[in-house]
Amino acid sequence: TLVTATAASAQTYPTKPITMVIPFAAGGPTDVVGRLIAQSMSKTLGQQVIVENTVGAGGTIAAARVAHAQPDGYTILLHHIGQSTAPSLYRKLSFDPLTSFETAGLVTEVPMTVVARGNFPAKDFSSMVQYIKANKDKINLANAGTGSASHLCGMLFQHAINTQFTTIPYKGTGPAMNDLLGGQVDIMCDQTTNTTSYIKSGKIKAYAVTTPKRLAVFPDLPTTREAGVQNFEVSVWHGLYAPKGTPRPVIDKINGALKVALKDQLVIDRFAGLGTEPVAENRTSPEVHKQFLQSEIAKWKTVIQQAGVQPE
Ligand code: MLT
């Protein structure tokens, strides 16, 4: 019968390579996290976990692709905070972040940095804010499209300093970073997994971190709150998903491999060098992930409404 067949294939899963869909461009922050855990999960599962970058529409194209894939564990999604903001930013989605997926565990929470091109004329965060306010018609902020973390962060920034500037969408902050390095855009609010090396080498300027506490990688960089701007805090949490209806034993195997990855010293060390760390062990279960997703959807709905942002 079909039931026995499903149970049997869940038992032997995985018997072929698994595709991990990443919603943003290769070389960017989500890709970095995805490739690191995919590598470790491949070892645990005994099958290759192949990363596929399905880009566009701030991550919602990738989420739609996985929501509508076979629920057999061979197509999974690594997504971030955008999974919780999309319902408040898009009028029409072909999926529901909460009901179209099985949650397979939280991965990491990545701090964000407020950065600018190398020759941006401001020495600290408050002079940056002053400069932006005085030149708002000329300022361009690069982001990864509506629904991305850099979009959310840029939106919070504009709201917090009560100023609007132009935003330019890319297929990920990997490509956006190229234009920031080249000086084609002025500012960006992006994850430390993408900005750390460029800040350290002095190729871009960093002004603040968006976390309640300073970061070990940048002890001299103030938090947004310390720098005098309130209501401008965000961390980019990541989670793994499979299509709704994926058998529980398969989810357990994916989750088990994720848990191993988050204890892999190579992953921990690479994360640390990029200003982040695995989530605490008590947050890695599918249940905690689901509850957290639910609370994040509610939280950002309120914040986005209060910021006066209308869904597209
Ligand atoms: C990326 O991987 O490009 C980022 O996560 C984009 C973003 O959400 O800002």
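Placing +1 on the Cβ of every Lys and Arg and -1 on the Cβ of every Asp and Glu, with no other charges, gives segment 161-312 a dipole of roughly 300 debye about its Cα centre. For segment 54-134, trypsin sites (Lys or Arg not before Pro) are listed when DSSP marks them as loop and at most 12 other Cβ atoms sit within 10 Å of their Cβ; the list is Arg91, Lys92, Lys123. Per-residue ellipticity at 222 nm, computed for the chain from helices alone with -39500 (n - 2.57) per DSSP H run of at least four residues, works out to -12500 deg cm²/dmol.
Relative to the current alpha-carbon distance between His68 and Asn282, full extension at 0.36 nm per residue lengthens the span by 74.1 nm. Taken along the Cα-to-beta-carbon direction at a fixed 7 Å, the label points for Glu312 and Lys200 span 3.4 nm. GNM remark for the chain: springs join alpha carbons under 10 Å apart, and the peak mean-square fluctuation among Gln191, Gln291, Gln39 falls on Gln291.
If you sort the three axes of the alpha carbon gyration tensor as a ≥ b ≥ c, you get a/c of 1.5 or more for segment 192-312 and a/b no higher than b/c, which makes it oblate. Based on C-alpha pairs under 8 angstrom that are at least 6 apart in sequence, segment 1-146 has a relative contact order of 23 percent. Partners of Lys205 within straight-line reach, counting lysines whose Cα lies under 16 Å from its Cα and excluding those fewer than 8 residues away in the same chain: Lys123. Packing around the peptides 253-260, 214-221, taken as the average count of other Cβ atoms within 10 Å per residue, puts them in this order, highest first: 253-260, 214-221. Look at the Cα gyration tensor of segment 77-119: its axes a ≥ b ≥ c give a/c of at least 1.5 with a/b at or below b/c, and that counts as oblate. Beyond 18 Å, the tail of the calculated P(r) for segment 53-168 holds 58 percent of the Cα pairs. Within a straight-line Cα-Cα reach of under 15 Å, Lys16 can be paired with the following aspartates and glutamates, leaving aside sequence neighbours fewer than 8 residues apart in one chain: Asp72. In units of the rule-of-thumb radius 2.2 N^0.38 Å, segment 18-94 shows an alpha carbon radius of gyration of 1.10. With 18 Å as the limit, the listed pairs Lys43/Lys259; Lys92/Lys301; Lys259/Lys299; Lys171/Lys200; Lys138/Lys203 have Lys259/Lys299; Lys171/Lys200; Lys138/Lys203 beyond it between alpha carbons. For the chain, what does the alpha-carbon gyration tensor say about shape, rounded, prolate or oblate, given a ≥ b ≥ c as the root eigenvalues, a/c under 1.5 as rounded, and a/b over b/c as prolate? It comes out prolate by the Cα gyration axes.
Applying 0.36 nm per residue to the separation of Asp269 and Arg248 and subtracting their alpha-carbon distance, the gain on full extension is 4.5 nm.
Positive end of the dipole of segment 242-297 (Cβ unit charges, origin at the Cα centre): among Ile268, Val279, Leu258, the Cα lying farthest that way belongs to Leu258.
Read-outs throughout are calculated quantities, based only on the coordinates presented, and are distinct from any laboratory measurement. Remember, it's a predicted structure, so these values are computed and weren't measured experimentally. FYI the Cβ positions are ideal-geometry reconstructions off the backbone, even for glycines, and counts take in every protein chain you see.
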